[in-house]
1. Among the residues of segment 110-129, count how many are outside any loop (DSSP other than H, G, I, E, B) and crowded, with 16+ Cβ neighbours inside 10 Å.
2. If you scan segment 192-247, which residues turn out to be of a type in the set (A, V, I, L, M), modelled with pLDDT of 65 or more, under 23 Å from Val114 (Cβ atoms) and not in a strand (DSSP E or B)?
3. Please tell me if Thr182 is modelled with pLDDT of 90 or more and closer than 21 Å to Gln153 by Cβ.
4. I'd like the full set of residues that are in a loop (DSSP other than H, G, I, E, B), in contact with a strand residue (DSSP E or B) (Cβ under 9 Å, 6 or more places away or on another chain) and at pLDDT below 95, limited to segment 72-109.
5. Within segment 75-86, track down each residue that is farther than 16 Å from Ile115 by Cβ and crowded, with 18+ Cβ neighbours inside 10 Å.
6. For Ala91, indicate whether it is touching a Gly at 6+ places or on another chain (Cβ under 7 Å) and buried (at least 21 other Cβ atoms within 10 Å of the Cβ).
Amino acid sequence: MLRLVAACGGFALALVAAGASTLVMAQSEDPPLVGALAKLEKFPTPQRRVGFVSPLPISDTVPYMFYGTFRDRVMLVQESLQLRGYDVASARAALRDLDHALAGMKSHGVELIVIGGSVLSFAYDRATLLEQLREASHKLGVPVTTDMEATVQVMRHAGVHNVAVAHRLNGLDDKALTDYLTAAGFAVEGIVGPQLVIATRAGMTTDEESAFALTGEAAGQLHPHADGILFLGGSTINYPYLSVIQRTTGKPVFNNTMAFLDYVDSWLTANPRKRVP
């Protein structure tokens, strides 16, 4: 142990070094911590890191809901793609930057990577998607999946076979979506999208929350044989709409962002942090 004492303006400054660590002792005359520093002083440092590839350059509700789910010790490490539309061509164009985004994630010590954006999962057929995920997982040495694959897992666990789909994504390819869900073992009863005409009183417009809720409710009413409703949307949807749809239809409601959060929670529980001896 080394000790260095220096006099400076009447104050004594002591530095103690033990190995690679340095311990700084707070003095009674030190100024109090204020503001954000005071709030974060006792906040635990992250012990787990989860990678998330956002399909859009701006991500708001997803990280907000992530930290609402995982209060502390789990850090969301984000990369983003440049998805410019919800059609297949736009999804394929965005995926050209995926390898670069995944490589950046690995350098930040993530244990698991989830690729967000429902349309990215059915830009190609599901068999191609699964092979790409296997290759990425092998190359990076960490599991790589998508929010839609997480959704498939959650719906299977819930015993869903017939699903009605709702979304407000302009340009989404209904056939590509149907082919993906069919390949995953589901029967698609029908899809209700942004073409749904929502009646309003003269001179009034429908607010976003009502539009989402009514779209989901319509999916349940138009397709009564569905035993679950899948409402697509990550950054475009928030949890209150989903709760309303489930209460009004009486059917379980699934969403790719909610499935992402559930998947991460289950994965972290099943794969506890390895302790360093």
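The values are calculated or read from the model by the stated rules, or taken from the named source; none is laboratory data. This structure is a prediction, so every number in the text was calculated from the model and none was measured. Positions of Cβ are generated from backbone atoms using ideal geometry, with glycine treated the same way; all protein chains shown enter the neighbour counts.
1. Residues of segment 110-129 outside any loop (DSSP other than H, G, I, E, B): 112-115, 118-121, 126-129.
Checking the rest, the ones that are also crowded, with 16+ Cβ neighbours inside 10 Å come to 112-115, 118-121, 126, 129.
Final tally of qualifying residues: 10.
2. Keep residues of segment 192-247 that are of a type in the set (A, V, I, L, M), which gives 192, 196-199, 202, 204, 211, 213-214, 218-219, 222, 226, 229-230, 232, 237, 242, 244-245.
Filter once more, so that each one left must be modelled with pLDDT of 65 or more: 192, 196, 211, 213-214, 218-219, 222, 226, 229-230, 232, 242, 244-245.
Still in the list and also under 23 Å from Val114 (Cβ atoms): 229-230, 232, 242.
Scanning segment 192-247 gives Leu232, Leu242.
3. Working: modelled with pLDDT of 90 or more: yes; closer than 21 Å to Gln153 by Cβ: yes.
Yes, satisfied.
4. Result: Arg73, His108, Gly109.
5. Of the residues in segment 75-86, the ones farther than 16 Å from Ile115 by Cβ are 75, 84-85.
Once the filter is applied, which keeps residues that are farther than 16 Å from Ile115 by Cβ and crowded, with 18+ Cβ neighbours inside 10 Å, segment 75-86 yields only Met75.
6. Working: touching a Gly at 6+ places or on another chain (Cβ under 7 Å): no; buried (at least 21 other Cβ atoms within 10 Å of the Cβ): yes.
Here the answer is no, as Ala91 does not meet what is asked.
Residue-wise test of (1) over 21 Å from the mean Cα position of the chain (by Cα); (2) of a type in the set (A, V, I, L, M); (3) buried (at least 18 other Cβ atoms within 10 Å of the Cβ).
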site	(1), (2), (3)
Lys139	yes, no, no
Thr146	no, no, yes
His157	no, no, no
Ala164	yes, yes, yes
His167	no, no, yes
Asp174	yes, no, no
Leu181	no, yes, yes
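Yes or no, residue by residue, for (1) closer than 21 Å to Val50 by Cα; (2) touching a Ser or Thr at 6+ places or on another chain (Cβ under 8 Å); (3) touching a residue at least 24 places away in the same chain (Cβ under 8 Å):
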| position | (1), (2), (3) |
| --- | --- |
| Lys106 | yes, no, yes |
| Gly109 | yes, no, yes |
| Val142 | yes, no, yes |
| Leu169 | no, yes, yes |
| Thr178 | no, no, no |
